[in-house]
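Beneath this line is the structure, given in structure tokens, with notes to follow.
The values are calculated or read from the model by the stated rules, or taken from the named source; none is laboratory data. Here the structure is a predicted model, which is why all the values come from computation and not from measurement. Cβ: placed from backbone, ideal geometry, glycine included. Neighbour counts: every protein chain shown. With ligands, DNA and RNA removed, areas are computed over all heavy atoms of the protein, side chains included. Shrake-Rupley method; radii C 1.70, N 1.55, O 1.52, S 1.80 Å.
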Amino acid sequence: MAHRRTSKGQAVWRKLLIVWMLGAMPLVPALGLDANAQPDRVPVEPVASGTGHAETGIEPRRVALVIGNEDYRDDPLASPVNDARAISAALESRGFEVMRQENLDAQGMQTTLREFSRRLDAGGIGLFYFAGHGLQVRDRTLLVPVDADERFPARLLTHGMDLHAILEAMSRPRPDKLNIVILDACLDNPFGNPFGTPSATPAASLPETAQQTIVAYATRPGAPAAEDARHGLYTAALLQAIADPDLDIEAMLHLAAGTVLQRSKQRQLPWMASSLSSRFAFTGAAQGKQVQTLALTGQEAASALRSRGVIPKDSAEQYELTFWDSIKDSTHASDYEAYLQAYPNGRFAALAKARIARLRAAAPKAETPQEEAQPATKAAPPTQPAPKPAERARSAPARKAAPERASPAPAAPSQAEAPPSTAGRVSELKDCPECPALIGLPHGTFTMGSNASDPSEKPAHQVTIRTPFAIGKYEVTVAQWNACADAGGCPKIAGDTSQGANMPMRNVSWDDTQQYMKWLGKVSGKPYRLPTEAEWEFAARGGTSTRYWWGEQMSKGKANCKECGGPWHPEGPENVGSFAPNPYGLYDMNGSVWEWVSDCWHNSFKGAPGDGRAWNDPNCRVRVIRGGSWREGASYMPVTTRFKYDASVRQAQNGFRVARDLK
């Protein structure tokens, strides 16, 4: 992969400013640039640094999210992390509060964007910067996470972050709103232009919701963006331009575009689109720091440059075959929709449309949850006291959120898929009044992981849990955590007003969970810990070997996720025990909150221990989370789903449940 990239939308942009060259470059004079001369400053009038506080002298708040992705499996890049660090330093010197992230996977990008959107809600200027691989497929601009795998081309489309999602996250009403989006990524199409399908055009429009917004692209649609070992060509030019205190944002981007145009010998053509009605400059908030300028020299730019785009190793014809082979057995309509986006007139287009129609026709069968037809299988209420009504003051969302990925066709489990009986195999225990209820599980052997899903879940391998253990019947609740905090054993973590006592505790780091385990051990006299990753999956499967504990197909009302049926609220997870337990009597193993386990993160199960113990490394700072959360779609609900998070970082979707040995 080697691209950085663009987007489109519905009409209504007040300005469209394109640095574009086709043949004679008719727009270069309009920018005041001479292609054969060193770029000069674009004359501008004096401009206020903020967006409307000139009378009071109060500077609007400034918040930036900066992402540099370079550690790609198939085609690593050289300089996006350097770009992110240099841009972060430049923005901090201009008064921005910077969230910098490096080498994010798909879940990390989604999580970070949500946190960025939450911070913007307080008001001010928002800036989003991305350096890494990108692609332009028809009217979609996608930023590629580092866990994208070219062996599964559909995931470039289903896992990539769409520019429209970024604009939507930044477009909610707030005081002093002004949005800046800068993408140093390619905008070419790795799927080619087969069978005469129309390619992206350089004209662009942006969503009506994206008011007071400017989007700057390193290159035009359908074209690559270059980098060398230190910086992307566009970012190097930006670092030089941002150091000029007299330029407003549009003039700064014009200057950077002219620099890129000249130093790439007119091969890379930046462009931008704007709906700004007021002017903004980076001056006024600098804190006495020197802005670092690391622009390439003209001689450096003419050599050692490479593309930041997704470049298939195969021919266009063979890559289409690779794409189809990777999805042909899928039960996800979104995979076939991704194929049609890439190849609208492809050789398998008719078959893809037929499979989408079949999957959608099957979907209504699961609209009525199975529990309604079989009341006896409903979940028993949790042993913890139910919260008072005031603890769950929520309103239903006005409309259902758009799914991140279409869920597989729901269907009632067949008799062959019915979970096995576990009578006499498990037992419930509780070590102290403050302790979470536990389910004691026997030893056993099972197949962990999946060979038909994400690469991190491969290879499927046999694991033998050699000794019995106990695991939390529910996730640790807010009330249980507060008992530890009130006793001085755990930090007090502020939650939003929707967090009732019987909701799962969240926004805790892996390090925080260790304090809870230590306190729980003192009050109970038992050695509590997090479950190992193998123990967690053994427990989540509940003695089954299917994709979900209830069968092979997604079924409504089985898990707390945004595509899994009610109850569901976008603000937070439901009370623990709101959904049916798995065959071992464990609640909310799918959805609700991501659950920390004890293991260090590894990119696959190659070399994983086969005896159920934790797979740890010295000085491990990235740990495994399992199970998905209420914010994810149905595609995250299989029992094999796994992701990672920094052990010291708190995140609003992350919680945990306890475990201990049985002797």
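Observations, loosely collected:
- Scanning the range 128-179 for residues that are part of a loop (DSSP other than H, G, I, E, B) and among the small types (Gly, Ala, Ser), we see that the one that is farthest from residue 87 (Cα to Cα) is 148.
- The selection criterion, being within 26 Å of residue 643 (Cα to Cα) and open to solvent by 10 Å² or more (accessible area, probe 1.4 Å), holds for residue 104.
- Count of the range 449-503 residues which are on the phi > 0 side of the Ramachandran plot and in contact with an Asp or Glu (Cβ under 6 Å, 6 or more places away or on another chain): 1
- Some residue of the range 41-59 being at pLDDT 75 or above and either open to solvent by less than 80 Å² (accessible area, probe 1.4 Å) or assigned to a loop (DSSP other than H, G, I, E, B) (or both): yes
- Take the conditions (1) in contact with a strand residue (DSSP E or B) (Cβ under 7 Å, 6 or more places away or on another chain); (2) touching a residue at least 40 places away in the same chain (Cβ under 8 Å); (3) closer than 30 Å to residue 464 by Cβ; residue 549 misses just one of them, which is (1).
- Residue within the range 538-551 that is at pLDDT 95 or above, touching a Cys at 6+ places or on another chain (Cβ under 6 Å), outside any strand (DSSP E or B) and crowded, with 24+ Cβ neighbours inside 10 Å present: no
- When the residues of the range 246-258 are filtered to those that are open to solvent by less than 10 Å² (accessible area, probe 1.4 Å) and touching a helix residue (DSSP H, G or I) at 6+ places or on another chain (Cβ under 8 Å), the one that is nearest to residue 128 (Cα to Cα) is 253.
- The listed residue being within 21 Å of residue 508 (Cα to Cα) and more than 23 Å from the chain's Cα centre (by Cα), out of 575, 560, 590, 582: 575
- Checking each residue in the range 74-94 for being part of a helix (DSSP H, G or I), open to solvent by 40 Å² or more (accessible area, probe 1.4 Å) and not small (Gly, Ala, Ser) picks out 82, 85, 92.
- Identity of the residue in the range 427-484, open to solvent by 10 Å² or more (accessible area, probe 1.4 Å), farther than 23 Å from residue 543 by Cα and of a type in the set (A, V, I, L, M, F, W, C), that ends up farthest from the chain's Cα centre (by Cα): 432
- Scope the range 580-604; condition assigned to a loop (DSSP other than H, G, I, E, B), in contact with an Asp or Glu (Cβ under 7 Å, 6 or more places away or on another chain) and crowded, with 24+ Cβ neighbours inside 10 Å; matching residues: 588, 592, 593
- Residue selected from the range 609-621 under the condition more than 20 Å from residue 440 (Cβ to Cβ) and touching a helix residue (DSSP H, G or I) at 6+ places or on another chain (Cβ under 8 Å), by the criterion most open to solvent (accessible area, probe 1.4 Å): 615
- Residues of the range 212-244 satisfying the condition of being modelled with pLDDT of 80 or more, open to solvent by 50 Å² or more (accessible area, probe 1.4 Å) and more than 17 Å from residue 143 (Cα to Cα): 230, 240
- When the test is whether a residue is open to solvent by 10 Å² or more (accessible area, probe 1.4 Å), modelled with pLDDT under 60 and out of contact with any helix residue (DSSP H, G or I) (no Cβ under 7 Å at 6 or more places or on another chain), residue 295 does not pass it.
- Top-ranked residue of the range 107-124 - restricted to ones that are of a type in the set (A, V, I, L, M, F, W, C) and either assigned to a helix (DSSP H, G or I) or open to solvent by less than 10 Å² (accessible area, probe 1.4 Å) (or both), ranked as farthest from residue 235 (Cα to Cα): 120
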